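*Asks:* If you scroll down you'll find the structure; I have some questions about it.
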Amino acid sequence: MTSLAAVSPARAAEPIGTWLVEGGYAHIKMDICGDRLWGIVAWEKKPNVDRNNPDASKRSRPTLGIPILMGLTQSKPGKWEGEIYNSEDGRTYGAYVSMASEDVLTLEGCVLGFLCQSQNWTRVAETPAATPASPRAAAPRPAAPAARRTTGQAPATPAASDVCMAVASATGQPIEQVMQTGTKRSER
């Protein structure tokens, strides 16, 4: 009998997960929301605010939790393109993400489509806690009840990840819209 693994093609590495940026000052957590790749600041070595945002009302918001990889689309296996927000200068750039290996992601940010800089990000196992975990926080959560489906009902929408929830919060879009296929990128 042939095993399923023996007949399945090799799967391309995916950027879903948490990444240590070059320089080690932040972790970016990435996930697919709808059919787009988003990344949020999940950890910072030093807390920061979005002081250079072109929208003056957002200049005092913490950068922790804001989307920086904004609605990238997959252009081919292992490659995505879209935009990245740089809170250091308040500008948005063209972005290209590709997988160098299972644990190394290459991010290229471009101005005018041809002046580009790249960085290699390294996959991390988990985001460090901002504060020590309390005994209550460490307790296992009860499993969510299984969704029931009866004839004529639409299939349940997949559960939204914390990345998708942060995108909805930052953009003001309902989570259902963020999770739809073809969701457009949002404002910074």
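Read the figures in this text as sums done on the coordinates, not as results from a lab. Only a predicted model underlies this, so the values are computations on that prediction, with no experimental measurement involved. Cβ coordinates were reconstructed from backbone atoms using ideal geometry, including for glycine residues, and neighbour counts include every protein chain displayed.
*Asks:* Scan the range 67-128 for chymotrypsin sites (Phe, Trp or Tyr not before Pro) in coil per DSSP, keeping those whose Cβ has at most 16 other Cβ atoms within 10 Å, and list them by number. Show your work: numbers first, answer last.
*Replies:* Numbers: sites: W80, Y85, Y93, Y96, F114, W121; in loops: F114.
Those that pass, being in a loop and sparsely packed, are F114.
*Asks:* What ranking do 30-42, 61-73 get when scored by the average of other Cβ atoms within 10 Å per residue, highest first? Provide the component values of the computation, followed by the final result.
*Replies:* Details: 30-42: 22.9, 61-73: 19.5.
Top of the packing list down: 30-42, 61-73.
*Asks:* Oh, and also: Expressed as a whole number of Å, what is the distance separating the alpha-carbon centroids of the range 87-122 and the range 60-81?
*Replies:* 10
*Asks:* Okay, moving on. Just want to confirm a number: the relative contact order over the range 14-64, from Cα pairs under 8 angstrom separated by 6+ residues, in percent.
*Replies:* Working: 82 pairs, mean separation 12.9, N = 51.
Normalised by residue count, the contact order of the range 14-64 is 25 percent.
*Asks:* Leaving out same-chain residues fewer than 8 places away, which aspartates and glutamates sit with a Cα under 19 Å from that of K45?
*Replies:* Straight-distance partners of K45: E22, E88, D89, E126.
*Asks:* Would you calculate the separation in nanometres between label points at N86 and I16, each defined as 7 Å from the Cα along the Cα-to-beta-carbon direction?
*Replies:* Taking the simple label geometry, N86 and I16 are separated by 3.0 nm.
*Asks:* Could I ask something else about it? How far apart, in nm, are two points set 7 Å out from the Cα along the Cα-to-Cβ line at S57 and at S169?
*Replies:* For S57 paired with S169, the spin-label model returns 1.8 nm.
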